[in-house]
Amino acid sequence: MGYTMRDFTDSHEWLSINTATVRQQWALPEIIEHCARLGIRAISPWRDQVAACGLDVAMRLLREHDMMLSGYCRGGMFTAADAAGLRNARDDNRRAVDEALALGAPCLVLVVGGLPNSTSGTDGKTVYKNIALAREQVRDGIGALLDYARQVGMPLAIEPLHPMYAADRACVNTLDQALDLCDELDPLRSGMLGVAVDVYHVWWDPTLQAAIERCGRDRLLAFHVCDWLVPTRDMLTDRGMMGDGVIDIRQIRSWVEAVGYTGFSEVEIFSAQNWWCKPGEEVLRTCIERHRSAV
């Protein structure tokens with residue numbers, strides 16, 4: 001299949017900022033304002049940031065600044081230790097779908113959840129160890145949410161997370177695992193269930209190119225970029241700026257574009273010891289430069 005990979009060197013038209021990248025510097029209204037000022041035309045906001053300013057305010061600011069969304073973060077966390085917890089997860093995910101719809105998001109990103117009650121007990125051991133049951137709860141939770149999402153027309157994007165997060169954040173850890181769920185729950189490939197490919201979580205997978213080809217355009221709903229630092233000082237909050245680590249981001253982008261992806265490259269960086277400590281304007285300008293040179 002012939003295709004021409006998009007050239008980002010002279011433009012950041014297809015750059016989106018996941019608002020976690022500058023969450024320590026600004027609240028959502030300021031993030032929208034600063035992104036618009038720098039010609040960044042898309043963001044992916046987090047639910048807590050929307051709640052802090054109010055859904056109506058967020059909707060108004062997005063309209064006023066002609067700002068698009070590349071996704072909405074996040075739904076998921078489907079696993080629970082009891083029936084009440086499962087019901088709460090179901091209800092909260094429906095609210096997340098409603099918010100994503102109101103904001104005009106192209107998809108709701110799902111971080112599916114890990115082991116219920118996976119905190120340490122008094123003996124220092126993990127309370128809950130049945131990852132197979134956790135994955136069953138994830139399957140059932142996505143299936144139930146998909147029924148609701150179809151009714152309102154909000155696509156769901158399963159985001160596989162690196163295996164180091166299997167216990168506490170996501171027991172779906174490879175792109176193929178996520179696609180297996182898509183095939184089981186949405187065999188007709190309706191466009192309502194797909195995946196979010198975050199290079200931070202999947203770059204290491206030796207089957208990644210084949211899995212991206214398996215996605216096809218209809219399953220590939222979002223593409224997230226940052227970098228993997230060596231050494232990584234914190235499992236969650238030490239992501240690198242594109243070009244500062246070991247991920248061949250441009251190679252992975254070539255694979256996603258080869259199957260027809262033409263959407264945003266969404267920068268999502270958690271960086272407690274570096275980028276969250278810098279002025280927000282500097283962070284955004286660096287994202288623009290690295291989007292052109294390293295993505």
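Roughly speaking, what is the stretch gain from D140 to A51, that is 0.36 nm per residue apart minus the C-alpha to C-alpha distance, in nm to one decimal?
Numbers: separation 89, 0.36 × 89 = 32.04 nm, distance 2.72 nm.
Gain on extension, D140 to A51, equals 29.3 nm.
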### Task
State the dimensionless ratio Rg/Rh of the chain (Rg: radius of gyration of Cα atoms; Rh: Kirkwood radius).
0.95
### Message
How much length would be gained if the chain were fully extended between A132 and N88, taking 0.36 nm per residue of separation minus their Cα-Cα distance, in nm to one decimal?
### Response
13.7 nm
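Charges only on Cβ, +1 for Lys and Arg, -1 for Asp and Glu: so what's the dipole of the chain about the Cα centre, in debye to the nearest 20?
On the way: 30 positive and 40 negative charges, 26 e Å.
Charge dipole, the chain, about its Cα centre: 120 debye, nearest 20.
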### Task
Working from the alpha-carbon coordinates of region 11-154, get Rg over Rh, Rh being the Kirkwood radius.
1.05
### Share of pairwise Cα separations in region 102-235, more than 19 Å, in percent
52
### Task
Return the distance in nm (one decimal) between the two label points of a simple spin-label model at E33 and R233, each offset 7 Å from Cα along Cα→Cβ.
3.1
### Query
Given 5 Å bins starting at zero, what is the percent of C-alpha pairs of region 1-46 in each, up to the one with the largest pair distance?
5, 20, 26, 17, 11, 9, 6, 4, 2
### Task
For a footprinting-style exposure proxy, rank L86, L115 by other Cβ within 10 Å, fewest first.
L86, L115
### Task
For the chain, with a Gaussian network of springs between Cα atoms less than 10 Å apart, report the residue from A100, A167, A42 with the top mean-square fluctuation.
A167
## Note on the structure
Once the dipole of the chain is set up from charges on Cβ (+1 Lys and Arg, -1 Asp and Glu), the residue from the list M5, L156, G243 lying farthest towards its positive end is L156
### Query
Hey, what angle do you get for helix 83-103 against the long axis of the chain, alpha-carbon based, 0 to 90 degrees rounded to 10?
20
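Taken together, the values in this text are just the output of simple stated rules run on the coordinates, not laboratory data. Quick caveat, the model's predicted, so the values are computed rather than measured. Neighbour counts are summed over all protein chains in view; Cβ atoms, including those assigned to glycine, are modelled from backbone coordinates with ideal geometry.
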